[in-house]
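What follows draws every value from the coordinates through simple rules; no lab data is involved. Note that this is a predicted model, so its numbers are computed, not measured. Cβ: placed from backbone, ideal geometry, glycine included. Neighbour counts: every protein chain shown.
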Amino acid sequence: MPSPHHPAAEFHYKAAHAHEAAAFLDALPHGFVNLQQSDAVQVLVSTPARHDEFFRAMAALPANYDPSEFEAVCRKFNQKILGTVQNG
């Protein structure tokens, strides 16, 4: 199924509910969204090693980061963000 935000990307969807898991193959475009009215908790187990450092680096960006800072983090960890990213 084409991504609604990036028509050239093939995007795969899987609905997961409480206590369910979803697995994605390497380099398979994917995303996470909470469509419910209540808060969601996500437990992420990922490989390869250092993938957790990507999320820590993203979280360390200031609230009003410069787009070049965001792009630098993605480059450092070989990640590509598809679609629109909200700053702040």
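Would region 41-88 count as rounded, prolate or oblate if I go by the C-alpha gyration tensor, calling it rounded below 1.5 in a/c and otherwise prolate when a/b exceeds b/c, oblate otherwise?
Details: a/c = 1.75, a/b = 1.46, b/c = 1.20.
Prolate.
Basic side chains Lys and Arg get +1 at the Cβ, acidic Asp and Glu get -1 at the Cβ, and with that the dipole of region 41-88 about its Cα centre reaches some 160 debye.
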